[in-house]
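Scroll down for the structure; my scribbles are underneath it.
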Amino acid sequence: MQAIDILHKVTTGQNLNRDEARSFLGFVMKGEVSEIVLASFITALKVKGETGEEILGFAQAMRKAAVAPKSAPWDFPVLDTCGTGGDGKGSINVSTLSALTLSSLGVKVAKHGNRSVSSVSGSSDLLSALGLSLELSHSEVEDRFISAGFTFLFAPAWHPAMKFAANVRKELGFRSFFNLIGPLSNPFKPTHQIIGVFSKDWIERVAFALKELGIVAGVVCHSIDGLDEFSIFAPTDYMVIRNNKLIEGHFDPTILKISKPLNPGEVYVSSPEKALELSKNVINGEDTSGAHLVALNAGVALWILDRVESIENGYKMAIQQILNKKVAQFARENLLFN
């Protein structure tokens with residue numbers, strides 16, 4: 001099928017199979033789809049609603065078009081904590097801070113991300129402010145990953161073919177399937193992954209795609225209070241991928257027995273400057289609600305990696321790592337942070 005035929009199928013409300021979705025985005029990545037056709041496709045698909053099969057096919061196309069790391073595959077677990085963003089809550093960048101926490105614990109993290117689109121502080125915005133250069137070559141990014149255990153894959157540098165969709169996405173201005181496949185498109189092909197989604201409606205569909213991409217283990221989550229993370233303020237719905245199976249879960253943060261009063265003002269922000277201030281507080285080991293939120297999400301990753309027996313135990317390990325200033329030490333040594 002040609003791109004126009006696939007577009008016509010979507011405009012009549014029909015679902016695509018994974019091959020059709022992969023083919024269409026493949027055409028886009030080669031510059032073979034006009035902006036008019038692409039805009040029509042994105043809009044029609046959003047109205048219809050993306051299926052798990054479609055998300056999978058798009059992610060496969062994105063991975064194929066990405067720059068491939070030369071030193072892969074690796075003989076150790078690789079984790080990514082990239083989420084979809086777009087929850088509109090204006091929180092600190094939990095996924096990036098939890099990634100740093102995990103790397104300080106010896107987990108190899110290949111953090112995939114971009115500049116802020118809808119959030120107050122995107123992963124690249126935060127890491128750049130902390131001293132990490134976004135101008136590293138692909139080989140330098142790989143070297144940092146192997147030597148430090150943490151590296152950042154700045155999406156535009158690893159997905160050059162996305163230039164063919166950039167103008168349309170910018171002009172349309174609304175959330176699309178590209179937001180959903182971003183976390184699934186890490187060129188390092190993580191073996192383990194934590195993905196927060198902007199709505200509970202997407203948990204199962206994204207989890208299905210993640211399973212079909214061959215993940216060893218992962219979690220897709222959305223909290224009842226609207227975060228694309230596990231929340232310390234309200235329960236979180238999630239789905240686990242293990243042994244090629246999907247298992248639903250529900251996490252109540254009261255099990256953590258956090259002794260200090262929870263303060264949303266230490267998590268939610270309205271400016272990049274405030275986001276950086278609160279993020280530095282977490283990294284520096286201050287006992288804030290932000291630190292506990294980051295520790296919870298790092299704890300989920302430790303559980304998925306089988307480093308601990310439960311999310312609760314993972315949280316305990318991570319919060320001690322933060323409060324003992326081990327994350328600060330790691331950041332100073334690897335991000336030029338001060």
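Could you give every pair whose Cβ atoms fall below 7 Å, whose first residue belongs to region 220-243 and is under 16 Å from residue 85 (Cβ atoms), and whose second residue is surrounded by fewer than 19 Cβ atoms within 10 Å (Cβ to Cβ) and of a type in the set (S, T, N, Q), counting only separations of at least 6 or pairs across chains?
222/199
If you scan region 280-330, which residues turn out to be within 25 Å of residue 190 (Cα to Cα) and either polar (S, T, N, Q) or outside the structural domain of residue 268 (by TED's automatic domain parsing) (or both)?
297, 310, 313, 321
Considering only residues that are aliphatic (A, V, I, L, M) and either closer than 26 Å to residue 205 by Cβ or modelled with pLDDT under 90 (or both), look in region 84-101 and name the one that is surrounded by the most Cβ atoms within 10 Å (Cβ to Cβ).
First, the residues of region 84-101 that are aliphatic (A, V, I, L, M): 92, 94, 97, 99-100.
Narrowing further to those that are either closer than 26 Å to residue 205 by Cβ or modelled with pLDDT under 90 (or both): 94, 99.
Working: 94: 25, 99: 31.
Filtering region 84-101 for residues that are aliphatic (A, V, I, L, M) and either closer than 26 Å to residue 205 by Cβ or modelled with pLDDT under 90 (or both), the one surrounded by the most Cβ atoms within 10 Å (Cβ to Cβ) comes out as 99.
Six or more apart or on different chains, Cβ atoms under 6 Å: show the pairs whose first residue is in region 1-17 and more than 14 Å from residue 34 (Cα to Cα) and whose second is surrounded by 15 or more Cβ atoms within 10 Å (Cβ to Cβ) and basic (Lys, Arg).
From region 1-17, the pairs are 13/48.
Give 51, 11 a once-over and let me know the one that is farther than 17 Å from residue 164 by Cα, under 21 Å from the mean Cα position of the chain (by Cα) and of a type in the set (Ser, Thr, Tyr).
Numbers: 11 fails: under 21 Å from the mean Cα position of the chain (by Cα).
Being farther than 17 Å from residue 164 by Cα, under 21 Å from the mean Cα position of the chain (by Cα) and of a type in the set (Ser, Thr, Tyr) holds for just one of 51, 11, which is 51.
Need a quick list: helices (runs of 4 or more DSSP H) entirely within region 260-338 having at least 2 residues that are within 20 Å of residue 122 (Cα to Cα).
Numbers: elements: 272-283, 289-304, 311-323, 326-335.
Once the helices (runs of 4 or more DSSP H) in region 260-338 are filtered for at least 2 residues that are within 20 Å of residue 122 (Cα to Cα), what remains is 272-283, 289-304, 326-335.
Okay, residues lined up against (1) surrounded by fewer than 22 Cβ atoms within 10 Å (Cβ to Cβ); (2) of a type in the set (Val, Ile, Thr); (3) closer than 20 Å to residue 99 by Cα:
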| position | (1), (2), (3) |
| --- | --- |
| 43 | yes, yes, no |
| 62 | no, no, no |
| 68 | yes, no, no |
| 82 | no, no, yes |
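Would you point out which residue out of 267, 282, 294, 240 is more than 18 Å from residue 318 (Cβ to Cβ), surrounded by 15 or more Cβ atoms within 10 Å (Cβ to Cβ) and out of contact with any Lys or Arg (no Cβ under 7 Å at 6 or more places or on another chain)?
Numbers: 267 fails: more than 18 Å from residue 318 (Cβ to Cβ); 282 fails: more than 18 Å from residue 318 (Cβ to Cβ); 294 fails: more than 18 Å from residue 318 (Cβ to Cβ).
The match here is 240.
The values are calculated or read from the model by the stated rules, or taken from the named source; none is laboratory data. Keep in mind it's a predicted model, so treat the numbers as computed, not measured. Note: ideal-geometry Cβ built from the backbone for every residue, glycine included; neighbour counts use all protein chains shown.
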